[in-house]
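Trainee: To start, I am sharing the structure in question, which I have written as structure tokens.
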Amino acid sequence: RIAYVNGLYVPHGEAGVHIEDRGFQFADGVYEVCEVRDGHLIDETRHISRLIRSLGELRMAMPMSRAALGLVLREVVRRNRVRDGLVYLQVTRGVAQRNFLFPANTTPTLVVTARATSRAELEQRAEAGISVITVPDNRWDRVDIKTVGLLPNCLAKEAAKAAGAREAWFVDRDGYVTEGGSSNAWIVSAEGRLITRPAEFGILRGITRTVTLEVAARLNLQVEERGFTREEAYAAVEAFVTSATLGVMPVVRIDGRAVGDGKPGRAARELRATFHSVAEVAP
Ligand code: PMP
């Protein structure tokens, strides 16, 4: 495997950044994960736009132009011979003597990796559906920024694993589901309406979420962008999560209770089947 680190393509096993990198010291960095399908980046434009937004919120600049970054992503995908998989990119504020204050003139660190994933395995998982548990949302309130500070997410997903589940849904103090540890959360009401929390506050605006809203419109599915409680989720006829890694992934159990008939729901299956005809396929 080959990784890109600050201008160089290096063997993955030898790739590294400095111990004083602010990504390592302070989680002072942001990232993106983009799906690769049939050798093409999916929704690259939106992912890079969100990257620019995340960087801006942290007063960081793009490490290179959009076009140059696009070339690096493609080169890493090519060098790793990824047809179906994921490309990961991380930008940190760079290397500086450890000090909480932002350094004056550092060069940002850019790391890009790519790996293949099995489409067949993912489809199998989607046919079975996944289980989720709920956990208190103990994160800071700037989760709209896609930072590498993911320890609460790691803990939540560890708790899910210990409970035999794949994903954890964060629940805020008022009992409302915010989002998953690495996905956005959706339910379908008895009236057949898709319900997902507005992305203005308290969640990451998932790219897969945005595209799924478009897919829903194409399929004439009614959508309510509003918060939903854990109890509402228990009573839902369907549930699913969305992320670049999973796509639209049916949820069949929440906290051990079957969702609907305990099988992947129709809306989720339709959305999943239609997703890639709506998502942007980059050249
Ligand atoms: N929320 C969180 C907390 C995430 O980590 C992710 C995936 N990185 C998502 C939502 C889904 O975002 P996307 O659809 O852009 O992958």
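Read-outs throughout are calculated quantities, based only on the coordinates presented, and are distinct from any laboratory measurement. Worth saying up front: this structure is predicted, and the values here are computed from it rather than measured. No Cβ is skipped: glycine too gets one built from the backbone with ideal geometry, and neighbour counts run over all protein chains shown.
Trainee: What lysines does Lys146 reach when the alpha-carbon gap must be under 26 Å and sequence neighbours fewer than 8 apart in one chain are set aside?
Mentor: Lys146 reaches Lys157, Lys161.
Trainee: Suppose every K and R has +1 on its Cβ and every D and E has -1 on its Cβ; what is the size of the dipole of segment 122-278 about the Cα centre, in Debye to the nearest 20? Let's see the in-between values first.
Mentor: Values: 21 positive and 21 negative charges, 75 e Å.
In total the dipole reaches around 360 debye.
Trainee: Something else: Relative contact order for segment 2-117 using alpha-carbon pairs under 8 Å, separation at least 6, rounded to a whole percent? Please report the intermediate quantities before stating the final value.
Mentor: On the way: 198 pairs, mean separation 41.9, N = 116.
It rounds to 36 percent for segment 2-117.
Trainee: Only helical DSSP H runs with n ≥ 4 go in: add -39500 (n - 2.57) per run for the chain, normalise by residue count and round the 222 nm mean residue ellipticity to 500 deg cm²/dmol. Numbers along the way, then the final one.
Mentor: Values: 8 runs with 86 residues, N = 283.
Calculated mean residue ellipticity at 222 nm is -9000 deg cm²/dmol.
Trainee: Moving to a separate point now. Take the chain, connect every pair of alpha-carbon atoms lying under 10 Å apart with a spring to form a Gaussian network, then pick out the residue of Asn138, Asn220, Asn80 with the largest mean-square fluctuation.
Mentor: Among Asn138, Asn220, Asn80, the largest mean-square fluctuation in the Gaussian network model of the chain belongs to Asn220.
Trainee: Using Cα-Cα distances under 8 Å and only pairs 6 or more residues apart, what relative contact order does segment 145-276 have, in percent? Before the final figure, lay out the partial values.
Mentor: Numbers: 225 pairs, mean separation 27.4, N = 132.
For segment 145-276, the relative contact order is 21 percent.
Trainee: Could you point to the residue in Ile42, Ala185, Gly149 farthest towards the positive end of the chain's charge dipole, with +1 and -1 charges on the Cβ of Lys/Arg and Asp/Glu respectively?
Mentor: Farthest towards the positive end: Ile42.
Trainee: Now for a separate question. Using the Kirkwood formula over every pair of different C-alpha atoms, what hydrodynamic radius in Å results for segment 2-117? Working shown, then result.
Mentor: Working: mean 1/r = 0.0690 Å⁻¹.
Roughly 14.5 Å, rounded to one decimal.
Trainee: Hey, another quick one. Can you return the aspartates and glutamates within cross-link range of Lys263? Criterion is Cα-Cα under 12 Å, with same-chain partners fewer than 8 residues away left out.
Mentor: The reachable aspartates and glutamates, counting only those whose Cα sits under 12 Å from Lys263, are Glu127, Glu238.
Trainee: So for the pair Ala67, Glu225, with labels modelled 7 Å out along Cα→Cβ, what separation do we get in nm?
Mentor: Each label point lies 7 Å from its Cα, and together they span 3.2 nm.
Trainee: Considering only Leu194, Leu221, Ile19, whose Cα is most displaced toward the positive end of the charge dipole of the chain, charges sitting on Cβ of Lys, Arg (+1) and Asp, Glu (-1)?
Mentor: Ile19
Trainee: Rounded to the nearest 20 Debye, what is the dipole magnitude of the chain about its Cα centre when Lys and Arg each give +1 and Asp and Glu each give -1 at the C-beta?
Mentor: Details: 38 positive and 35 negative charges, 125 e Å.
Around 600 debye, computed over the chain.
Trainee: Follow-up question, since we're still on this one. Taking the chain as a Gaussian network, where each spring joins two C-alpha atoms under 10 Å apart, which residue of Ala233, Ala185, Ala27 fluctuates the most?
Mentor: Greatest mean-square fluctuation among the candidates belongs to Ala27.
Trainee: So what's the gap between the Cα centers of segment 57-73 and segment 147-188, to the nearest angstrom?
Mentor: Here the answer is 29 Å between Cα centres.
Trainee: Applying a 10 Å radius around every beta-carbon, put 158-165, 205-212, 39-46 in order of their mean neighbour count, most first. Kindly include the intermediate steps, with their values, before the conclusion.
Mentor: Details: 158-165: 14.5, 205-212: 22.8, 39-46: 18.9.
Order by mean packing, descending: 205-212, 39-46, 158-165.
Trainee: Please report the spacing between the Cα centers of segment 263-283 and segment 109-129 in Å, no decimals.
Mentor: So the two Cα centres are separated by 15 Å.
Trainee: Here's another thing I want to ask about it. Can you divide the C-alpha Rg of the chain by 2.2 N^0.38 Å and report the result to two decimal places?
Mentor: Values: Rg = 19.1 Å, N = 283, 2.2 N^0.38 = 18.8 Å.
Computed over Cα atoms of the chain, the ratio equals 1.01.
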